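Here is the structure we will look at, set down as structure tokens.
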Amino acid sequence: MASRLLRLIALIGCIASINAFDSPHFYLAPAMPDEPRFERKLLTSIDVDYSFGITKHSSDGNGTQQELFDLYGPQNIKMLAQGLDTNQDTSLLTPLLAYSDAERFGQISLTSRTKVHRTRLKFTKNLTHGFFVQTALPITAVSTQELSVVDVSANSPTSGAQVEWDALLDQLDTQLANFNLTRAATSTIGLGDLMLLAGWTTNYEETCRLDFIDLSLSAGLLIPTAPQKDIDKLGSFDLGYGGHFGLPLTLEASIGHFDWVTVGMQASLIKLLKSKQNRHVKTDKDQTGVIQLTKAWTHKQPGLVYQIAPYFRADHIIFGFSTKIGYSFTGQRTSKLSGCAQNIDSTILQSDENLKPWSRHTLHLTCEYDFATIKHSSRPRLSLSMATQLAGKRIFKSNMYGFGIGCEIAGDW
């Protein structure tokens, strides 16, 4: 009886869910994984959390730390003119094609710093027989400093090439402007992609040794309400999934023991649907980096987005204080382009590092104090959180720190 009473107090204020369903992105560390929903008829949960992160580094395709916008490799400026429409102004770029690769010059690094602020809102309502509905919506603000240019060529070119290379570096902004590109600072704020979910949960307590076994399943629709990136700004990126609808699926499971230990796991998938979009594309396999000069309408099939996240929770160890430590492996599989309006060879399109898989290993830590009691079940719970990147590929190295508040409103006790 005492065990169930302690569990009831904990569930009122904590286990209903600490964090909203999180959509993994390459530019920020994800939030702590969710726990299974508490099965209580008409229970309502409201959660709000805020997190922020600052970084000037990224991890490339080998997992090596790089400058922020070198996550797809250094910018091979010498090859940018290869395969371009002859009617386009490439007067500063074309002369560089005359020099062989033995010159080993023509590469730049783009340094910058980005700040991310994210607020997530979640509303969950239990219905009956374990069924519930949920909506989650992030609000994201991202600012990027002007991208600075650093010459990282392996060698200095010969005297003739040096003159033309210096001329290009001096007038790089002019050459980019011919293609409506800019490396100026950017700032974007807006809603993220809206998540609508329906699910079912169960809490099994008729066990001989364990305190409980909980399981939740949910599925739904991701609606592209987030602003898409300005493709003419090198420092801009999507706040959501680039205008793609998605089909999310989530499994959450946990077991409890000793009246205070919870061990669990969350696994989630988002199947993003194909859509047509205008984007910058490569015109030669040897082009590397984020600078691409040709615009084209293409059909994009994004890769599957996934997360696997085990965790350990120490529940109400001192009055209302709980702590939770977890790990997550998140990422996205290879995306594919097709139907390019410029009829660029598909092997060139698919050689873009931006389309290749990205992944992230993250360590999570959350501390929480729960003010709820049996008599006052709607009192809030407050939390502090940290998400620290351990390793990754093709991602920004942006650790996130934040706090949250939430409460449960009982409908039928």
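Some notes on this structure:
For every residue, the table says whether it meets (1) out of contact with any Leu (no Cβ under 9 Å at 6 or more places or on another chain); (2) over 30 Å from residue 380 (Cα atoms); (3) not in a loop (DSSP other than H, G, I, E, B).
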site	(1), (2), (3)
23	no, no, no
36	no, no, no
42	no, no, no
45	yes, no, yes
48	no, no, yes
61	no, yes, no
82	no, yes, no
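- Where a residue in the range 252-267 is touching a residue at least 24 places away in the same chain (Cβ under 8 Å) and its partner, wherever it lies, is buried (at least 20 other Cβ atoms within 10 Å of the Cβ) and aromatic (Phe, Trp, Tyr), with Cβ under 6 Å and at least six apart: 256/212; 264/311
- Here residue 231 qualifies as in a loop (DSSP other than H, G, I, E, B), hydrophobic (A, V, I, L, M, F, W, C) and in contact (Cβ under 8 Å) with a residue 12 or more places away in the chain.
- The residue pairs whose first member lies in the range 319-348 and is farther than 17 Å from residue 266 by Cβ, whose second member is part of a loop (DSSP other than H, G, I, E, B) and of a type in the set (A, V, I, L, M), and whose beta carbons are closer than 6 Å, counting only pairs six or more residues apart or on different chains, are 333/304.
- Extreme residue, farthest from the chain's Cα centre (by Cα), among residues of the range 155-171 that are hydrophobic (A, V, I, L, M, F, W, C) and buried (at least 17 other Cβ atoms within 10 Å of the Cβ): 161
- Once the range 204-222 is narrowed to residues that are at pLDDT below 90 and surrounded by fewer than 19 Cβ atoms within 10 Å (Cβ to Cβ), the residue that is farthest from the chain's Cα centre (by Cα) is 208.
- Residues within the range 318-346 that are more than 22 Å from residue 71 (Cβ to Cβ) and modelled with pLDDT of 90 or more, tallied: 7
- Single unsatisfied condition, residue 201 versus (1) part of a strand (DSSP E or B); (2) under 19 Å from the mean Cα position of the chain (by Cα); (3) more than 30 Å from residue 70 (Cβ to Cβ): (2)
- Test for residue 304: is it touching a residue at least 12 places away in the same chain (Cβ under 8 Å) and either hydroxyl-bearing (Ser, Thr, Tyr) or over 26 Å from residue 181 (Cβ atoms) (or both): yes
- Close contacts from the range 79-95, counting a first residue that is surrounded by fewer than 18 Cβ atoms within 10 Å (Cβ to Cβ) and a second that is in a loop (DSSP other than H, G, I, E, B) and of a type in the set (Val, Ile, Thr), with Cβ to Cβ under 6 Å and a gap of 6+ residues or different chains, come to 84/90; 84/283.
- Matching entry among 144, 128 (being among the hydroxyl-bearing types (Ser, Thr, Tyr) and surrounded by 16 or more Cβ atoms within 10 Å (Cβ to Cβ)): 144
- Residues in the range 204-228 that are part of a loop (DSSP other than H, G, I, E, B) and touching a Pro at 6+ places or on another chain (Cβ under 9 Å): 226 alone.
- Only residues that are crowded, with 19+ Cβ neighbours inside 10 Å and out of contact with any helix residue (DSSP H, G or I) (no Cβ under 8 Å at 6 or more places or on another chain) were counted across the range 182-202, and they come to 8.
- Of the strands (runs of 3 or more DSSP E) lying entirely inside the range 102-193, those carrying at least 3 residues that are hydrophobic (A, V, I, L, M, F, W, C) and touching a Ser or Thr at 6+ places or on another chain (Cβ under 8 Å) are 131-144.
- For residue 245, the requirement of being at pLDDT 95 or above and more than 18 Å from residue 132 (Cβ to Cβ) is met.
- Positions within the range 299-347 being of a type in the set (Phe, Trp, Tyr), out of contact with any Leu (no Cβ under 7 Å at 6 or more places or on another chain) and surrounded by 13 or more Cβ atoms within 10 Å (Cβ to Cβ), in sequence order: 311, 312, 321, 329
- Flag for residue 294 being closer than 27 Å to residue 113 by Cα, β-branched (Val, Ile, Thr), over 20 Å from the mean Cα position of the chain (by Cα) and surrounded by 15 or more Cβ atoms within 10 Å (Cβ to Cβ): yes
- Among the candidates 71, 121, 92, 110, the residue that is more than 29 Å from residue 190 (Cα to Cα) and either among the hydrophobic types (A, V, I, L, M, F, W, C) or touching a strand residue (DSSP E or B) at 6+ places or on another chain (Cβ under 9 Å) (or both) is uniquely 92.
The values are calculated or read from the model by the stated rules, or taken from the named source; none is laboratory data. Small disclaimer: the values here were computed from a predicted structure and weren't measured. All Cβ positions, even for glycine, are placed from backbone atoms using ideal geometry, and neighbour counts span all protein chains on display.
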